[in-house]
Amino acid sequence: MSNILTMNNIQKSFGELEVIKDISVSIKKGDVLSIIGPSGGGKSTLLRCAAMLETINGGSILYGDKKAAWTEDNGKVVYAKGKDMKEIKNYFGLVFQNFNLFPHFSVLKNITDAPLRMQKRNKDEVMSEAEVLLDKMGLKEKAGAYPYQLSGGQQQRVAIARALALKPQILFFDEPTSALDPELTAEVLRVIRQLAEENMTMAIVTHEMNFARLVSDHLIFIDGGVIVEQGSPDAVLGNPQMERTKAFLNKLEQ
Amino acid sequence: MELQTMVTMLAEGFLKSVAIFSLTLLGSLPLGLLVAFGRMSKFKPLQWIVKFYISVMRGTPLMLQLMVVFFGPHYLLGIQTGSNYRFVAVIIGFVLNYAAYFAEIYRGGIESMSVGQYEAAEIMGYSKAHTFVRIILPQVIKRILPSITNEMITLVKDTSLAFAISYAEMFTLAKKIASSQSTLMPFVIAGVFYFIFNYVVAFIMERVEKKMSYYR
Ligand SMILES: Nc1ncnc2c1ncn2[C@@H]1O[C@H](COP(=O)(O)OP(=O)(O)OP(=O)(O)O)[C@@H](O)[C@H]1O
Ligand SMILES: [Mg+2]
């Protein structure tokens, strides 16, 4: 099947600090990619490059067959502009570690505002879809609540619903549960698992190895700005080949 | 002079003080936001100019600024100003001065917003303008409301500085009556007026703050 996202030879530096050295990764439609690795390895940065929150210094990014960013012969990185870029930005959604809900909007408005205002979609349609999403997230009674009135787990589920309401082709998660207590983590992971079963294409940065094993089709271990090891989650987590992967996984088990 | 006459005269001046207050807010609240944008601009020369403007407005007495605005056109540029220029000068002076203070308040509020709000909006396809108007500004206003209230209360009292160019607001009149009648009474009455004015301002602003307390 076709790739939703293709990233080739991505490089990203912050000043002198080379954070992503040369990473190529692609995600097929319906697949779930898990990204694991030690702190500071560049996981978030990679995801943020894919989501256009950071500009790459080299390589190329494709959504479907649309070029989002590419490197020209002279080494200069060029990004798509105008309408093309707008179209590309409709491809993906991102769920943040700390939710980033809009505190002055009710739960329902958090979910419906962008589809109504920015996508200019039909109101009845957006409203009924929002209802379905809230139901799915187990938040039916919370439509009128404000973010501060919700638990972290509930807030994160609203954030997921908000991202889904824009109908992205692929959803990125950057450590969606690391700001949550264990009980709250479980409810968020359950929702993401359900999405995986519905064949939502996703890329998830996570420290939850059991979850990664359950949910993902492909797993990459990133350290020092490169992919150290990749493969099926069972292979990488169950039978790692590289010393760095082994060391990382051993440390987690302690 | 009878007390009633005094009160009536001062009440007229009071209306003028209220006019200064209202027009100053009407002009300086939006202008302050523009100045804040200039202050935060990535275009350095603009940033420097605005920074200089703010430091002059905050670093020199408002009374002096009023005199410059009022006498400046005539003495510096040789322009003959009309009879109603006195009031115009008061409003220009106050608006320019308060815009500088409001700009710094806006800037503090805008800079206190987390990047996460901008990034979430960007990911969701909000345009720059929508992000500012719908996501950032409402939250900024809530955060800066106490500081705005403070400035408004100061402004009520500052309206008396219009006496520097003899504009006939309440304090100017009070001073005039007091010296001609050799009594402190007008000052007492004016004081009561200012106090009530500020009481109302504080009351309204408290209401507004309450109205915005539906979220955190
Ligand atoms: N905006 C930035 N400016 C400068 N350096 C940055 C910036 N963002 C990230 N870095 C640096 O890039 C490196 C990789 O950061 P990144 O957040 O991608 O790591 P991570 O793998 O997501 O780690 P964690 O598991 O802690 O989230 C770190 O050394 C970090 O300090
Ligand atoms: Mg990270």
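Beta bridges assigned by DSSP with both partners in the protein assembly as shown are antiparallel in approximately 60 percent of cases. For the protein assembly as shown, compute Rh as the Kirkwood radius over C-alpha pairs and then the Stokes-Einstein diffusion coefficient at 25 °C and 0.890 mPa s; write the answer in µm²/s, rounded to an integer. Estimated via Stokes-Einstein, D reaches 93 µm²/s. Counting only lysines at least 8 places from B:Lys210 when in the same chain, those with an alpha carbon closer than 24 Å to its own are A:Lys109, A:Lys142, B:Lys142.
Summed over qualifying helices (DSSP H, 4 residues or more, each -39500 (n - 2.57)) and divided by its residue number, chain A shows a 222 nm mean residue ellipticity of -10500 deg cm²/dmol. Projecting the Cα atoms of B:Val201, B:Ser180, B:Ala190 onto the charge dipole of the range B:169-216, computed from C-beta unit charges around the Cα centre, puts B:Val201 farthest toward the positive end. Peptide B:135-143 has a mean shielding of 2, counted as Cβ atoms of other protein chains within 10 Å of each residue's Cβ. How would chain A be classified by its alpha-carbon gyration tensor: rounded, prolate or oblate, with rounded meaning a/c under 1.5 and the a/b versus b/c comparison settling the rest? Since a/c reaches 1.5 but b/c is at least a/b, the shape of chain A is classed as oblate.
The aspartates and glutamates whose alpha-carbon is closer than 16 Å to the alpha-carbon of A:Lys89, local same-chain residues fewer than 8 away aside, are A:Glu54, A:Asp65, B:Glu119, B:Glu122.
About the centre of its Cα atoms, the protein assembly as shown shows a dipole size close to 1280 debye [charges on the beta carbon of Lys, Arg (+1) and Asp, Glu (-1) only; nearest 20 debye]. If the label point is 7 Å along Cα→Cβ of B:Ser55, which residues in the range B:28-44 have backbone nitrogen under 19 Å from it? Within reach of a label on B:Ser55: B:35-44.
Placing +1 on each Lys and Arg Cβ and -1 on each Asp and Glu Cβ, with no other charges, gives chain A a dipole about its Cα centre of roughly 760 debye. Short-range pairs are left out: with C-alpha atoms under 8 Å and at least six residues apart, the relative contact order of chain B is 30 percent. Residues of the range A:13-40 falling in the label zone of A:Val226, defined by backbone nitrogen less than 20 Å from a point 7 Å along Cα to beta-carbon, are A:13-14, A:16-26, A:35-40. Toward the positive end of the charge dipole of the protein assembly as shown, with +1 on the Cβ of Lys and Arg and -1 on the Cβ of Asp and Glu, the farthest Cα among B:Ser147, A:Gly82, A:Gly152 is that of B:Ser147.
Put a plus charge on the Cβ of each Lys and Arg, a minus charge on the Cβ of each Asp and Glu, and nothing anywhere else: the dipole of chain B about its Cα centre is then about 460 debye. Excluding same-chain neighbours fewer than eight residues apart, the lysines reachable from B:Lys16 by a Cα-Cα span under 20 Å are B:Lys157, B:Lys175, B:Lys176.
Farthest toward the positive end of the dipole of the range B:1-61, out of B:Ile49, B:Leu10, B:Thr24, is the Cα of B:Ile49, where the dipole comes from beta carbon charges about the Cα centre.
Taken together, the values in this text are just the output of simple stated rules run on the coordinates, not laboratory data. Keep in mind it's a predicted model, so treat the numbers as computed, not measured. Quick reminder, even Gly has a Cβ in these numbers, built from the backbone with ideal geometry, and neighbours come from all protein chains shown.
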